[in-house]
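Quick notes on the structure that follows.
The values are calculated or read from the model by the stated rules, or taken from the named source; none is laboratory data. For clarity, every value in this text was computed on a predicted model and none was experimentally measured. Here the Cβ positions follow ideal geometry from the backbone for every residue, glycine too, while neighbour counts run over all protein chains shown.
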Amino acid sequence: MSANMDHIWKFVPHQHQGPAQQTGADDHIYSPKNHNGAFKSRGLTTFMGAPYCPPDRHAIRAMGAKVCFLGAPWDQGQIVRAGTSQGASGLREATTQYFSYMFEYDVDLLTFFKVVDCGDIPNVPGNNAKSHELIYRYVTECLEGGAKVIMSGGDHSLPIPGSRALSHFTRKGKMGYLHVDSHLDAGPDWAGNKITNCSGPARAIELPNCNAENMAHLGSRNSLNPKDWYDFYVDNDIRVVAMGEIIDRGVEACTKEIFERAWRGTETVYFSWDTDSIDISCMPGSTSPECYGLKAREAIQLAKTAGRYGCDVLEVVELAPYFDVSHMSIKMAANMIYHYLGSRAKTLIEQGKQP
Amino acid sequence: MNPAKSYAHLFSPLGGDAGDNYRAPNVLTFLRSTYVALNAEALKSSGARYAFLGVPFDEGNIGKPGSEEGPREFRLASQEYFSYWFEYNVDLHGTMVDCGDVSMPKVSPEVARERIYRAVREVLKAGLVPIIVGGDRSMSIAAAKALSDHIGSKKMGYFHFGAHLDMSDSWAGERNLAPCALARITELPNLAPGNVAHIGARNSMNPKDWIDLAKQRGIRFNSMFELLDNGIYPVVEKAIDRVWKGTDAQYLSFNFNVMDASAAPGVTSTEPGGLESREMMRIAEMIAKRKQVSVIDVSELCPAFDVSGTAARLAVCVVTRIMAALAKERGEEIDARIRRSDLVGS
């Protein structure tokens, strides 16, 4: 990899080279002049039309990327129906229908964060442990490259290697851990298996720098929540904001509360966001969708509020395009990330900070 | 804490030979409950409170077919859930049995109705609460009559959830079709008009004679606009009051087209402008505050139109939430000290 790849940002969109290429640096945030540009046309289908960057710490630094997108097509860590291995592809597909400029925050996400797509993390079918090790290594590379990570699942076992990577990366400081999900996911194990998609928080609390006082769960409801999962929160005194409370208090107040808890005395926060926290009517394309959830406008409010606090790894999991209807779920997932990044950018700009 | 009782089903599977994933049952039953033959003695000795009855009957519909597949889909969706509810700290395990489907003769609706009637009576005779999943809404006619006959001279209340009034005195000369459900049920001798509630009516699949008949019989229905204008919960609270006021038995009849089409696409006749799932969840809790219910039915589920199991999962969640909230109201919360046995002391 060449020492300096920074020049790539002088010509965006990155993937439209050829006889009719548009070379204005800002072309991608305006209506097209000559042709449709990167909107719904594509070179490689990357997240946000971002350039591909090898998942290598030196390459990421050389490109100056501050946000890395990682796909994790792993769905053998889960206890319900399969299908999330297609999630990252679905999410990339949805982003071809959007601009990287967001008027609500008046920012171009692509150039502000220098977003890159690091491709998909490989896995070993039938081997959760080996696949998790690969996830751990890829997330570590991105963090060591100086970037924040957006990881798209894949099943909800991803936070197990993901939070381990962030914990080790932040070894000197404390880590907060947030789990937004309709399920409590705190199984000590599932039929003896400790690394399934229903043990994220149970494994996170075992990390040396992650404490119960910086952990919270939001969005729980209905009866796919066996008792040992709930006992975990009660016995460890971890805050659970169940759905009824969100409806009573409003999503903004509840989101503020959990992020303030996660950031209290910590240096980093891992934010694990399951698509099934959103109501099945707005997110049918999830492996275990539930009624009585967040509506689309509330999910976007959650993303906006989260953006004011930030995190180092945002993971959107259990997206299953097989069960989707009219692209509503993949577009919802794209918007969870876009509104988070937009709000994050606006906050940083207001604070006079760089990403 | 009773040491003799096993609490293993409250928790994640423990592994070993019996450690199957919870979604792989041997027999497909409602929430993995035991199958018990439809016989009053057998039901009585099961010790259960609820008996599930599937009614794959689709010959009373006047619109789109497909509700015949409802019971199977409902059972399937229920495999996704546990009997334990953290929101109420109650356990429904052992409180219900599955009596299978009422066998349907096909092309002989009169015989089918008679079988539905007898099946519901058998469950009531055993002292259990039937949970009946259809099937088109005409099944409610037979099932409500079974409750009415079962209680004899006592009084019953009836709660109809749906987008349509179903007050057709006759439809093309037929008097026992789905759109006639409320018209027939309000003729039951021990159901006073003041003990009938209907919520969610909207849109124009409500011909004028249905409205006229409702008015003529003094049936108070709360349209969707009325719910939105005057507040869903205060209006529903009054509707619940009517059903439980001075009655000995209460019948809850759900057609989930009371929900907005986005919250329940898998019903035979979706309607826009309905309730959200969080509103129905609150209503389920409000009902449970009355501490008892005699029959619950769910009709018109139609998996062919469903999306990602949306309507089936909603139906399961509403029915089981009522059961769970009722258990809490009865003070059946489980011991707060119960923990996974393999974790105790670790």
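Tabulated values for the structure
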quantity	calculated
Pair list, Cβ < 6 Å and 6+ apart or interchain, from the range A:269-285 residues that are away from chain B (no Cβ under 12 Å) and on the phi < 0 side of the Ramachandran plot to residues that are among the acidic types (Asp, Glu) and part of a loop (DSSP other than H, G, I, E, B)	A:ASP274/A:ASP181; A:ASP274/A:GLU318; A:SER277/A:ASP181
Considering residues of the range A:229-242 that are in a strand (DSSP E or B) and among the hydrophobic types (A, V, I, L, M, F, W, C) only, the residue nearest to the other protein chains (Cβ to nearest Cβ)	A:ALA242
Complete set of residues in the range B:239-270 that are away from every other protein chain (no Cβ under 14 Å) and charged (D, E, K, R)	B:ASP241, B:ARG242, B:LYS245, B:ASP248
Residues of the range A:127-154 satisfying the condition of being farther than 24 Å from A:SER286 by Cβ and small (Gly, Ala, Ser)	A:ALA129, A:GLY145, A:GLY146, A:ALA147
Residues of the range B:308-320 satisfying the condition of being of a type outside the set (Gly, Ala, Ser), out of contact with any Ser or Thr (no Cβ under 7 Å at 6 or more places or on another chain) and facing another protein chain (nearest Cβ under 8 Å)	B:ARG313, B:CYS317
Residue list for the range A:153-189, restricted to those being surrounded by fewer than 24 Cβ atoms within 10 Å (Cβ to Cβ) and within 14 Å of another protein chain (Cβ to nearest Cβ)	A:PRO188, A:ASP189
Condition met for A:PRO208 (out of contact with any His (no Cβ under 6 Å at 6 or more places or on another chain) and either surrounded by 22 or more Cβ atoms within 10 Å (Cβ to Cβ) or touching a residue at least 12 places away in the same chain (Cβ under 8 Å) (or both))	yes
Matching entry among A:GLU245, A:GLU260 (being more than 22 Å from A:MET328 (Cβ to Cβ), away from chain B (no Cβ under 12 Å) and not β-branched (Val, Ile, Thr))	A:GLU260
All positions within the range B:236-264 that are touching a strand residue (DSSP E or B) at 6+ places or on another chain (Cβ under 9 Å) and either surrounded by fewer than 18 Cβ atoms within 10 Å (Cβ to Cβ) or free of Cβ contacts under 8 Å to residues at least 12 places away in the same chain (or both)	B:LYS238, B:ASP241, B:LYS245, B:GLY246, B:ASP248, B:SER262
Close pairs (6 angstrom Cβ cut-off, 6 or more residues apart or separate chains): surrounded by fewer than 20 Cβ atoms within 10 Å (Cβ to Cβ) in the range A:73-90, of a type in the set (Val, Ile, Thr) and modelled with pLDDT under 90 anywhere	none
Given (1) over 17 Å from the mean Cα position of the chain (by Cα); (2) closer than 19 Å to A:SER326 by Cα; (3) more than 9 Å from chain B (Cβ to nearest Cβ); (4) touching a residue at least 60 places away in the same chain (Cβ under 8 Å), index of the condition A:ARG297 fails	(4)
Neighbours by Cβ (under 8 Å, 6+ apart or cross-chain): first from the range A:223-234, under 15 Å from A:ALA212 (Cα atoms); second acidic (Asp, Glu) and buried (at least 24 other Cβ atoms within 10 Å of the Cβ)	A:TRP229/A:ASP185
All positions within the range B:57-94 that are part of a loop (DSSP other than H, G, I, E, B) and under 18 Å from B:LEU38 (Cβ atoms)	B:PHE57
Pair list, Cβ under 7 Å, 6 or more apart: the range B:79-100 residue over 17 Å from A:ILE79 (Cα atoms) and more than 7 Å from chain A (Cβ to nearest Cβ), other residue among the basic types (Lys, Arg) and crowded, with 22+ Cβ neighbours inside 10 Å	none
Condition check for A:VAL251: out of contact with any strand residue (DSSP E or B) (no Cβ under 6 Å at 6 or more places or on another chain), modelled with pLDDT of 95 or more, within 13 Å of chain B (Cβ to nearest Cβ) and buried (at least 18 other Cβ atoms within 10 Å of the Cβ)	yes
Options B:GLY54, B:GLY100; residue that is part of a strand (DSSP E or B), under 18 Å from the mean Cα position of the chain (by Cα) and surrounded by fewer than 23 Cβ atoms within 10 Å (Cβ to Cβ)	B:GLY100
Selection count, the range B:57-82, where residues are crowded, with 24+ Cβ neighbours inside 10 Å and among the hydroxyl-bearing types (Ser, Thr, Tyr)	2
Failed criterion for A:SER329 (all others in (1) more than 13 Å from chain B (Cβ to nearest Cβ); (2) in a helix (DSSP H, G or I); (3) polar (S, T, N, Q) hold)	(1)
Residue that is farthest from the other protein chains (Cβ to nearest Cβ), among those in the range B:277-307 that are touching a residue at least 40 places away in the same chain (Cβ under 8 Å), outside any helix (DSSP H, G or I) and not hydrophobic (A, V, I, L, M, F, W, C)	B:SER294
Criterion: farther than 25 Å from A:GLY173 by Cα, touching a Pro at 6+ places or on another chain (Cβ under 9 Å) and among the β-branched types (Val, Ile, Thr) - qualifying residue of A:ILE238, A:ILE330	A:ILE330
Flag for A:ALA129 being over 19 Å from the mean Cα position of the chain (by Cα), of a type in the set (A, V, I, L, M, F, W, C), assigned to a helix (DSSP H, G or I) and farther than 28 Å from A:GLY43 by Cβ	yes
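Listed here are the residues, each with its yes/no results for (1) among the acidic types (Asp, Glu); (2) within 17 Å of A:GLY153 (Cβ to Cβ); (3) in a helix (DSSP H, G or I).
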site: A:SER288; (1), (2), (3): no, yes, no
site: A:TYR292; (1), (2), (3): no, no, no
site: A:ALA299; (1), (2), (3): no, yes, yes
site: A:THR305; (1), (2), (3): no, no, yes
site: A:VAL316; (1), (2), (3): no, yes, no
site: A:TYR322; (1), (2), (3): no, yes, yes
site: A:ALA334; (1), (2), (3): no, yes, yes
site: A:ILE337; (1), (2), (3): no, yes, yes
